[in-house]
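Have a look at the structure below before the remarks.
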Ligand code: HEC
Ligand code: HEC
């Protein structure tokens, strides 16, 4: 825990610099240098209106006002307790580097995402304008990771999972999260919760000692998922062939529909989702089809379905190259349906008939062991324990 506390006080410095009202932290032993992530500092931009890039890229999951839960358990980005405990640096890096193994992609140009530093800075500034300024976080006492493990198992695991399971709460075992979160940031969330979300304030339910214990467990016991490998696949050139097995036979799919509410006579089955097992079988049988990866290219460069072309939902130029000749087109994302749903809707609007979503999404596809092309060191993500 000592190393963790050392790291903590170093990482606290940006808070102190920001708030201008802080008292220096308690006496600390000499500090080790924290591991740096190669992300440039947040550029200063004026606090303005909601950036267009936020609407195009983020609102689909985090909602138009960034209150979260528009899709896929994407958390709120504007609760008071989050904004007062997260530094600009935490926000910037979370957006730039994403949370590999979840549906939160790396949006920074450094990872071949769509946003340059200034655009990320604008989003950070807009989020900032919606809540309190960061303030010095609570000090973290020395905790006992062993005792913390019991608290975690009883009070946290069902929502936050661990190295082998993702829950509906933010993954605390995610290696990229842990590179940027500090014990005091984590403690702040546990003590005060996140208002208007499922994350309750544990002040009063757990003692200060128990909270220190669980923080110690999160950093020293829970373990981290494998760090994202440093290498990515080469960036898509835009010249990758669209059609897989162009001379093969057409596949036969039996897509399922969104369920109709009983009594809703206007509801027409939309036959929108093809189970991944059928698509894997069609690949094995060398059937003719097109598979579109609808995520930012940075995600395609980590891992994609074998033969899938990168056509991000936010930059769908290559859709114009598709011929409306009856070839089956499947789209997927990690979410599992939202970004791929945008691609499917675009194609349907152009009159394409045989177009559907790969039902379970790429994370489940990868977990099930179906064929992927992955950068060296990328492993299948932990299983999802909550329905999405
Ligand atoms: C496909 C859905 C999706 C999209 C699109 C998306 N996110 Fe996320 N985001 C998530 C999820 C899910 C998480 C939590 C991941 C986890 O479990 O660790 C997350 C986490 C975050 C976090 C960290 C929050 C915290 O409390 O630690 C930030 C900041 C964030 N997203 C910002 C953005 C921004 C800005 C964009 C657009 C550029 C964006 N996200 C696009 C799903 C999404
Ligand atoms: C009922 C489900 C649930 C339980 C139980 C729960 N959490 Fe959470 N937790 C969440 C959700 C959901 C969020 C994200 C809230 C939001 O939208 O900001 C969250 C957020 C957090 C965060 C903030 C992470 C970040 O990047 O912003 C931390 C830290 C955290 N929880 C720790 C804990 C700990 C430790 C426990 C047990 C003492 C616990 N949680 C119990 C659902 C839960």
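General remarks:
- Candidate set: the range 171-183, residues that are within 8 Å of ligand 2 (Cβ to nearest atom) and assigned to a loop (DSSP other than H, G, I, E, B); chosen: the one farthest from residue 83 (Cα to Cα): 172
- Inside the range 122-152, residues that are in a helix (DSSP H, G or I) and closer than 30 Å to residue 49 by Cβ make up a count of 7.
- Screening 208, 196 for residues that are more than 13 Å from ligand 1 (Cβ to nearest atom) and at positive phi leaves exactly one candidate, 196.
- Test: residue in the range 97-105 that is outside any loop (DSSP other than H, G, I, E, B), at negative phi and out of contact with any helix residue (DSSP H, G or I) (no Cβ under 7 Å at 6 or more places or on another chain): no
- Considering residues of the range 132-158 that are under 25 Å from residue 363 (Cβ atoms) and surrounded by fewer than 16 Cβ atoms within 10 Å (Cβ to Cβ) only, the residue nearest to the chain's Cα centre (by Cα): 158
- Members of the range 318-345 that are more than 30 Å from residue 383 (Cβ to Cβ) and in contact (Cβ under 8 Å) with a residue 24 or more places away in the chain: 318, 319, 321, 322, 324, 326, 327
- Filtered residue count, the range 56-96, keeping only those that are under 20 Å from residue 188 (Cα atoms), assigned to a helix (DSSP H, G or I) and more than 7 Å from ligand 1 (Cβ to nearest atom): 10
- Those residues of the range 153-170 which are more than 9 Å from ligand 2 (Cβ to nearest atom) and assigned to a loop (DSSP other than H, G, I, E, B), in sequence order: 161, 163, 164
- Entry remark, the range 134-158: residues being in contact (Cβ under 8 Å) with a residue 12 or more places away in the chain and farther than 17 Å from residue 169 by Cα number 16 in total.
- When 129, 94, 80 are checked against the criterion of being surrounded by fewer than 20 Cβ atoms within 10 Å (Cβ to Cβ), modelled with pLDDT of 95 or more and either within 15 Å of ligand 2 (Cβ to nearest atom) or not assigned by TED's automatic domain parsing to the domain that holds residue 333 (or both), a single residue qualifies: 80.
- Residue in the range 258-272 that is outside any loop (DSSP other than H, G, I, E, B), within 16 Å of residue 360 (Cβ to Cβ) and in contact with a strand residue (DSSP E or B) (Cβ under 8 Å, 6 or more places away or on another chain) present: no
- Tally of residues being free of Cβ contacts under 8 Å to residues at least 24 places away in the same chain and over 19 Å from residue 76 (Cα atoms) across the range 164-204: 2
Conditions tested, residue by residue: (1) in a helix (DSSP H, G or I); (2) buried (at least 20 other Cβ atoms within 10 Å of the Cβ); (3) more than 8 Å from ligand 2 (Cβ to nearest atom).
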| site | (1), (2), (3) |
| --- | --- |
| 185 | yes, yes, no |
| 191 | yes, no, yes |
| 197 | no, no, no |
| 201 | no, no, yes |
| 212 | yes, yes, yes |
| 215 | yes, yes, no |
| 219 | yes, yes, yes |
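- Hey, residue 121 more than 10 Å from ligand 1 (Cβ to nearest atom), buried (at least 21 other Cβ atoms within 10 Å of the Cβ), touching a residue at least 40 places away in the same chain (Cβ under 8 Å) and under 23 Å from residue 74 (Cβ atoms) or not: yes
The values are calculated or read from the model by the stated rules, or taken from the named source; none is laboratory data. Since the model is a prediction, treat every value here as computed from it, not as a measurement. A quick note on method: Cβ atoms are made from the backbone with ideal geometry, for glycine too, and the neighbour counts reach across all protein chains shown.
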